[in-house]
1. Give the Cα extents of segment C:15-123 along the principal axes, in whole Å, largest first.
2. Under the definition of Cα pairs under 8 Å and six or more residues apart, what whole-number percent is the relative contact order of chain A?
3. State which helices in chain A qualify, where a helix is a whole DSSP H run, it must extend 27 Å or more along its own axis by its Cα atoms, and its mean Kyte-Doolittle hydropathy must be at least 1.0.
4. Order D:149-157, C:49-57 from most to least packed using the mean count of other Cβ atoms within 10 Å.
5. Can you pull the Rg over Rh of segment A:101-355, Cα-only, Kirkwood?
6. Within chain A, what whole-number % of the accessible surface is contributed by carbon and sulfur, with the 1.4 Å probe and all protein chains included in the calculation?
7. For the charge dipole of chain C, defined by +1 on Lys and Arg C-beta atoms and -1 on Asp and Glu C-beta atoms about the Cα centroid, which residue among C:Ile374, C:Asn84, C:Ser189 has the Cα displaced farthest towards the positive pole?
8. Using the Kirkwood formula over every pair of different C-alpha atoms, what hydrodynamic radius in Å results for segment B:6-132?
Amino acid sequence: MVETLYSVAHTLVVLLLGLLGPLVPGSGAYGPFLAVWLSYLVVGALVFAVSLVNVLVFIWWERKLLGRFMDRRGAMHVGYAGLLQNLADGLKLFRKQPFSPREADDLGYYFGPTAYLVISIAILGFLPISFGFSGGAVPLSLLVALALFSFAPLFIFIASWSSNNKYSLIGGMRTAAQLVAYEIPLLLSVVAVVALTGSFDLNVIVGDQAANGWFAVPLILGLIIFFIAMLAEVERIPFDLPEAEAELVEGWSTEYGGMLFAFTMLGDYVRALIGSYLIVLLFLGGWSMPWGLSSFPLSGIVFFQLKTYAVFAIFIWVRASLPRVRTDQLLQIGWKRMLPLAMVNIIWALALVVWGYPVIHWPAL
Amino acid sequence: MTDLTLAALLPALESRFGPDVKVLPSRKEVLGVVQVKVDRLVEVARFLHDQGTFTHCALVSGVDWIEHIEVLYHLWSDALKGYLEITVETAPEDPHVPSVTSIWRGANWHERETWDMLGVRFDGHPDLRRVLMPEGYRFHPLRKSFELHEPEELEVKARHV
Amino acid sequence: MSEMWINMGPQHPMTHGLWNLRVKVDGELIVDVDPEIGYLHRGIEKICEYRRYNEVVTLMDRTCYVAGIAWEQLYIMAAEEALNISPPPRAEYVRVLSQELQRLSSHVMWYAAYVQDIGLMTPFLYGMRDRDLILDLFQSYTGARMTYEFMRVGGVRNDVPVGFTDRCRKVMDWFDQRLPEYEKVCDNSTIFLERTKGIGVLKAADCVNDGVTGPMLRAAGVDRDLRRDRPYSVYPELDFDVAVYDAPDCYGRYRVRMEEMKQSVRIVRQVLDWLDRNPGPVLAEKVPRFVGTPSPPPGKEIYVERRGYPKGRGFSAMEEPHGEAMAYIINEGAEHPYRAKLRSPVFVNIAASKDYLVGYRVSDIPAIMGSVDICVGESDR
Amino acid sequence: MNATNTSGTARIITHVKETDPMEPEVPFAEVEAVQSKEYIPVIKETLTGMIQRGLDAATKPVFNWAGRNSLFPLHWGLACCAIEFAAGFGARWDGERFGVVPRSSPRQCDLLIVNGTVTWKLSHKLITLWEQMPEPKWAIAMGNCATGGGPFRTAYSVVPGVNKLIPVDVYIAGCPPRPEAMLDGILRLERLIRERRA
């Protein structure tokens, strides 16, 4: 059922190899191996396509929803209901004059945002958006994704340092402090999920939730911590200090324009997308739905997207209704409130395991 | 002597400072107008601040009367609920007035502005820079000798700051 | 990180206009402040000396663009005193109506900008939306949204139109609903309270010494409002309270402004009732021709210039939305004011910024400077 | 069409070109190329040129569409017009409908809306901001002050018209212009970009 797309890709690839195989002498030996890899490639490309289209629609979704919260309409003149607005923005940024400030360090200036975007997109390869529907289904996919996720402050700091602007520098420092502070509660709240499932494989985690109910119910505290930490990780209000408009002009991306600015923007939204994905995967049952709703072909991916958009809507809602915190308050919330709460959450999860919360080991893909 | 009424204050001022202070007939909008000699200004200001409850220096400004430059101080008293006007006269070429920033900190920028606009130097001012016009501007625009200019002429003028 | 100077401005989202806040920071901590203004110095005081009395009103609107009519009245009061003219009572009431509407709109604008500084985006839109309602009222009787050119020496240009009072009452009813909502958005938000409470403290004694006025002073607990303490126009006949709060921080300033908005609504209601009951002229009958003459008769320029009129000096002080503004007009018997001096509260409030910024953090700067309510137009003039 | 060979004839051709600029270039180059048996680079260049022109023709409308539909103005406030500028992005007018999103950093902007009086003290900063914006960029003078000094034209400190400092594409009249007028100015600029006149 949920394996459909992977199976279809596999079948198609095998068919294709079967047709092409005789043309290449001695290819028979690699056939099955090649088939698996090629079908992963196809699925991976699909995942990237879906995710990057998602990013564009995310921006549109944010604009429209934010507009509604604010009693206005948001983008509406380009394309139907402003759907093409982001495309226009991207193309416009694409053709802007490339430049680097005279005082900037060129290597870091170009490297920072590029690496930021690349590392963010790379995470998408490890997140399944339906069963088996991921670019690389490794058994430790969650761990890899979180590890890559925590790379970002390094590149942000490189970018901000090498732009040689004081606002950028302060923004970069803030980013480093903030992301490090919130990485720990983020990971600790994941630990609870892992303790309940006994696996780092996101497919297994989702499968467990499909069988035993979403983790949002037993681990509601973990969900809240994860959500708040994720808000900080993706630098959104109330934790958007690194790009606090009011005091640091545009934060660490002040000196960036044109395509590099598009990279920083895109990187932010890719990270927001990943954040929403992770919340859905870890706590909201991934692509599974109760009452067998997700048993229809392709319904898993649709439900997954719907949940993602709902989670992102909450992100936007928070953005529309909360002011920005201060640096010291941010760190205090991170270290003094979130960290103990995350520990409590782990203890709670371990207690659940001891009391006999069903721990299921699904066969790995 | 902290809560002097106005009726007692102005005579007290006159009796204390003698001929250096002249109390003019008051207008409708101000409690009184006091003309002070330049060299006694700080003392009078100190007296008004400490004993006359004029704790708020509302305004320092100046008027270019061509033959002399008049510097005006408007002081507000919470007790008397009114403004007192102090005027000081100084020579138009190289005008000097003692600064009252040691008494009212709020007079700081007003004096800077008066220096900027009228070229009155305030002796003892901690930081007498231009405030509205760019640093290095050569003119004092509110002098009567400075005319509003046609834009073209003006550009030349402004670029030669 | 060692200490460094940061130029916040002239183009900076925090500044709300063009001025340059130079701050010396040690990491995130502010250790020194040197504000620099003058980027919008348009020489209004000098131009006034070349304009007829009524023509100066045009400049006054632009002096403070969020509270234009307050400056109009400020100037007009000084000019009327210098020229010894008094307006009819209905004109005074229309002026006070405009004053309070302007205070309301200015404070709503402040609210919108302030919450945006702190990072709250949505109420900015709400504030701008509600401000437009007041601007529509202004438009209905002055013809403009921001630059009204409405007041004249000896009265106002025209009366309010038929049906205006009812429309105005409707808007006031709307504000009765909206103002509690504004407060709810802020007071129910822990982050907002933490961002504002105990931030930007300027104690009462420092306020007085620095010459700081307006909501900043009243937030510090000094009970001073020129509308009550040094009554001008028809304020003595109106019933209102002075908003005082005893917390000299950003939160106190916020509370004072919120309370002032409510009081403005109250005053506007009273004025509307009075206007309904008392029709009458809005411009004094005997106004010297030259103050309103658009241009002298051809060939008679010198004659008009030299026309004698009793000399006089005018001084006016009033409670403008930002604080206490003053105007000083010298009439030397000519068509133009000999000297026009304007005292802007914002000018002084910026000057004192060192006293309430040092010791706080860079993230606090928008919160603090926003609470000061800066309008560069009037500080630079 | 410059033939990039090092043979002796090429130098003669160059010489001819220099002495007789009225002579058409292409035939000479072709003849020269054929003579020196180096017609391949010429064909290559011609083809590249054609492809480039074709690409240009194909992509220009696309990028033009993108550029005119996503004009990011610089978010700054000079004077009265800035308030109306802000109102133009409020709930009633909502400039974001047209994809116009104010950004705070000049690096990320395409459009400089000068919304107020520019003084000589500010002029350097204005020029800096303008130069910090990457190409392609446009400028709108909003209001009478930016257009020509407005009521302060005669003042000693005011730049009488911002076009003395930066090239301006669209002028919006009014003191201050209403938000509709501002949005109309932006849409007019869009039209100008579409017609490639700005």
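The values are calculated or read from the model by the stated rules, or taken from the named source; none is laboratory data. Nothing here was measured: the structure is a model prediction, and the numbers come from that model. Counting neighbours? That spans all protein chains shown, and the Cβs are built from the backbone with ideal geometry, glycine included. Remember, those area values only see protein heavy atoms, side chains included, never the ligands or the DNA or RNA. Shrake-Rupley method; radii C 1.70, N 1.55, O 1.52, S 1.80 Å.
1. Here the Cα extents, ordered largest to smallest, are 58, 34, 18 Å.
2. 23
3. On the way: long enough: A:31-69 (55 Å, 1.46); A:106-124 (28 Å, 1.27); A:166-197 (46 Å, 1.26); A:258-283 (37 Å, 1.64); A:299-321 (33 Å, 1.29).
The qualifying helices are A:31-69, A:106-124, A:166-197, A:258-283, A:299-321.
4. D:149-157, C:49-57
5. Rg/Rh for segment A:101-355 comes to 0.99.
6. Values: 11240 of 14630 Å².
Of all accessible area on chain A, carbon and sulfur atoms account for 77 percent.
7. C:Asn84
8. Kirkwood radius, segment B:6-132: 14.6 Å.
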